[in-house]
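The values are calculated or read from the model by the stated rules, or taken from the named source; none is laboratory data. What you see is a predicted model; the values in this text were computed from it and never measured. Because the Cβ atoms are built from the backbone with ideal geometry, glycine has one as well, and the counts that use them run over all protein chains shown. Surface areas here come from the heavy atoms of the whole protein model, side chains and all, with no ligands, DNA or RNA. Shrake-Rupley method; radii C 1.70, N 1.55, O 1.52, S 1.80 Å.
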Amino acid sequence: MNGRCLVAVLAVIAVGSLMPAAASAQGTWETPWGDPDLQGVWTNTTTTRLERPDDLAGQTFLSDEERVARDEERARNADQPPPPGQTGAYNDFWMERGNESARTSLIVDPRDGRLPTLMPAEAARRAAYNAARGLDPAGPEDRSLYERCISRGMPGSMMPGFYNHNYQIFQTPGYVVIFVEMIHDARIIPLDGRPHANRGIRQWLGDSRGRWEGDTLVVETTNLAQVAGRSVTVYGASETTHLVERFTRVAEDTIDYEFTLTDPTEYHSAWTASIPMTDLGGPLYEYACHEGNYGLENILAGARAAEEAME
């Protein structure tokens, strides 16, 4: 982060943290300078999948009874011991998965709740990447950006799936900053109409520009760097990805958030996900990704041990 960006972040935090939202009689929330107010600490934690499961094909919403039953089933499965020879993962106390939402998928367009068909070249690229993931890594670069505590990419940084899916939004006249708890990413979004950076400048979170359309913050992101992973932990983009996000505060404790991803080299059509954000009810805490994290070191040490055993 350069000095200018750091100053912008500090200014937004200093001013925004002192200015709570003001609600009018009509239920709108405004900053002291008249912009819609999105400030607060929010979470989008949910167990609802990005794509609609096969057993819910053709069903857009769950009944209350179905939601409760699926939450109970997931809780039972989460407490099962791992298969023999596997270490397993965290239980629900650590995972913070949340619960099912009323929708059967985060994807709302296409209407079937599924990702559009992949372009042939992209399908081949992903197959090669997934095959390589099963091989012993030669070095840390062979592991995902998330495992290396770099980023979850975009739109991955704004998507739920396991834990720490929490966000703090700050505002000043001319800027919105979204601070992501997971891997402490910070998105600095100018609102002054400036053009996007030169196309040769690529970033994990891209180059974002915002504008107000009524009460909705519309953020367009370009200049994304290639991120190989597409999974619950990392959902990256390509250099031809164009992302449009919409943030609308609809209640004291709720932001209606959705994004539309267009990428002609990856998908046959654009797709849209709707992921409501609700009041977290507490502060963000430091996400010290590498502190006490022996995962990457042990993955590489295990690969070297396996190679030595084969010599």
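Scanning region 48-93 for residues that are out of contact with any Asp or Glu (no Cβ under 7 Å at 6 or more places or on another chain), exposed (fewer than 14 other Cβ atoms within 10 Å of the Cβ) and of a type in the set (S, T, N, Q) yields 63, 77, 80, 86, 87.
Scanning region 94-124 for residues that are open to solvent by 70 Å² or more (accessible area, probe 1.4 Å), under 28 Å from residue 68 (Cβ atoms) and not charged (D, E, K, R) yields 94, 99.
Can you find even one residue in region 284-300 that is assigned to a helix (DSSP H, G or I) and among the β-branched types (Val, Ile, Thr)? Checking region 284-300: at least one residue is assigned to a helix (DSSP H, G or I) and among the β-branched types (Val, Ile, Thr).
Can you confirm whether residue 103 is farther than 27 Å from residue 60 by Cβ and in contact (Cβ under 8 Å) with a residue 60 or more places away in the chain? No, not satisfied. Quick one: would you say residue 257 is open to solvent by less than 30 Å² (accessible area, probe 1.4 Å), aromatic (Phe, Trp, Tyr) and in contact with a Lys or Arg (Cβ under 9 Å, 6 or more places away or on another chain)? Yes; evaluated as a whole, the condition is true for this residue.
Pairing each residue of region 124-151 that is farther than 18 Å from residue 181 by Cα and hydroxyl-bearing (Ser, Thr, Tyr) with any residue that is part of a helix (DSSP H, G or I) and open to solvent by 60 Å² or more (accessible area, probe 1.4 Å), provided the two are 6+ apart or on different chains, yields C-beta distances under 9 Å for 144/133.
Restricting to region 196-228, name every residue that is open to solvent by less than 10 Å² (accessible area, probe 1.4 Å) and at pLDDT below 95. Within region 196-228, just 227 meets the criteria. The set of residues in region 100-143 that are of a type in the set (A, V, I, L, M, F, W, C), in a loop (DSSP other than H, G, I, E, B) and touching a strand residue (DSSP E or B) at 6+ places or on another chain (Cβ under 9 Å) comprises 102, 106, 115, 119. When 232, 250 are screened for being surrounded by fewer than 16 Cβ atoms within 10 Å (Cβ to Cβ) and within 16 Å of the chain's Cα centre (by Cα), only 232 passes.
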